[in-house]
Structure formats: structure tokens, C-alpha cells
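The structure appears below as C-alpha cells.
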Amino acid sequence: MGDIITASGTQVYIGAVAASTIDSIEEFEAISGWTEIGLIESVGEFGDSAQEVTFEEVGAGRVRKLKGSRNAGSMQLIVAHDPLDAGQAAVEAAEQTASNYAFKVVIPDGPSGYSDTIQYFRGKVMSRPFNIGNNNNVVRKTYNVAIDSAIYENPSSN
């Protein structure tokens, strides 16, 4: 069995507007000017799931199931609000457009001598609500990124 890891050290970056023709690890790695999004408290779950397609076969009295279109979901980033953070400013600007942007998530899972796993995808920043809370809360923002591509994973390797 392998070691388990924590999320501590995970980094999320936003890149430039990403054309729908960017669809490989090599093309994402060729993007320059990635900006790290700072003060992330939480990265929500994201990843592919298939739509269930059903067919009710009368003769067999059974519902048959197929896999339909795939959806990578949405990534929810919760951050401590920092109006001077360049990454948060880039996400704020992205929310004001209808464009897809390149995103990169670096998961610190590489043992000594290995690279970390990196996941790339295109996404639209759909919302950016504030959570001010009460006296004992950190002011937070939640960025919801609708993933609009497959997730391209470059796994940990040596």
C-alpha cells in the first residue's frame, strides 16, 4: 500500500483565456504566465461523471442503463479575501467574462525524487460570492469554476 497525503501544499493556478483547441497536457504545459491563486482554504471535489441513459425493455421487464455524456463538474475554491492577491484578481476578472480560462491544480503527492501530480482543465468562473460572517470569521470568497473540458492529468513520476 502507498502512503496517504493531506491537501496541505496544494496549489491552484489560473492561466490565460483557453481556446477549445487546447486539449492535451503538452498544450497546457506550453501556457506561460500562470498565476497562483492565494490564500486558498479549500478546493472542492471535481471530476468526471457520466450521465445515466436508460431504456425500458418491455419484453425483459428491466431497465437497461448506458453511459451518456461526461461532465467534469465544477470546482469550488474557498479563499480568504485578499484584494491585493494577483491570483484572486485574475479570477475576479475572469468572472466578468464568458471565456474559458486555463486552470492548473498541483497536488503535492510526489515522494522524494518524484514530480507532483498536476491536473489541467478549461473552465469558466461562474460566481464569486462573499461570506463576511461575524466578528470571529475570516472574510472569505467562494469561486465556482464550471469545468468545460476533460481533466488532463500528468501523474506523479520520477
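Please specify each residue of the range 23-47 satisfying the condition of being within 20 Å of S74 (Cβ to Cβ) and modelled with pLDDT under 95.
D23
Give me the strands (runs of 3 or more DSSP E) completely within the range 26-116, filtered to those with at least 2 residues that are of a type in the set (D, E), ordered by residue number.
Hits in the range 26-116: 49-57.
Take the residues in the range 84-115 that are modelled with pLDDT under 95 and touching an Asp or Glu at 6+ places or on another chain (Cβ under 9 Å); name whichever of them is farthest from E26 (Cα to Cα).
Among those residues, the one meeting the criterion is P111.
Going by the conditions given, is V138 outside any loop (DSSP other than H, G, I, E, B) and modelled with pLDDT of 95 or more?
It is false that V138 is outside any loop (DSSP other than H, G, I, E, B) and modelled with pLDDT of 95 or more.
Any idea which residue in the range 126-158 is surrounded by the fewest Cβ atoms within 10 Å (Cβ to Cβ), counting only those that are in contact with a Gly (Cβ under 8 Å, 6 or more places away or on another chain) and aliphatic (A, V, I, L, M)?
By that ranking, first place goes to V139.
Scan the range 114-125 and tell me whether some residue there is surrounded by 15 or more Cβ atoms within 10 Å (Cβ to Cβ), in contact (Cβ under 8 Å) with a residue 40 or more places away in the chain, in contact with a strand residue (DSSP E or B) (Cβ under 9 Å, 6 or more places away or on another chain) and under 30 Å from N136 (Cβ atoms).
Scanning the range 114-125, I find no residue that is surrounded by 15 or more Cβ atoms within 10 Å (Cβ to Cβ), in contact (Cβ under 8 Å) with a residue 40 or more places away in the chain, in contact with a strand residue (DSSP E or B) (Cβ under 9 Å, 6 or more places away or on another chain) and under 30 Å from N136 (Cβ atoms), so the answer is no.
Hey, among the residues in the range 13-34 that are hydroxyl-bearing (S, T, Y) and in contact with an Asp or Glu (Cβ under 9 Å, 6 or more places away or on another chain), which one's surrounded by the most Cβ atoms within 10 Å (Cβ to Cβ)?
Y13
The values are calculated or read from the model by the stated rules, or taken from the named source; none is laboratory data. All of these numbers come straight from a predicted model, not from anything done at the bench. Please note: Cβ atoms are built from the backbone with ideal geometry, for glycine as well, and neighbour counts cover all protein chains shown.
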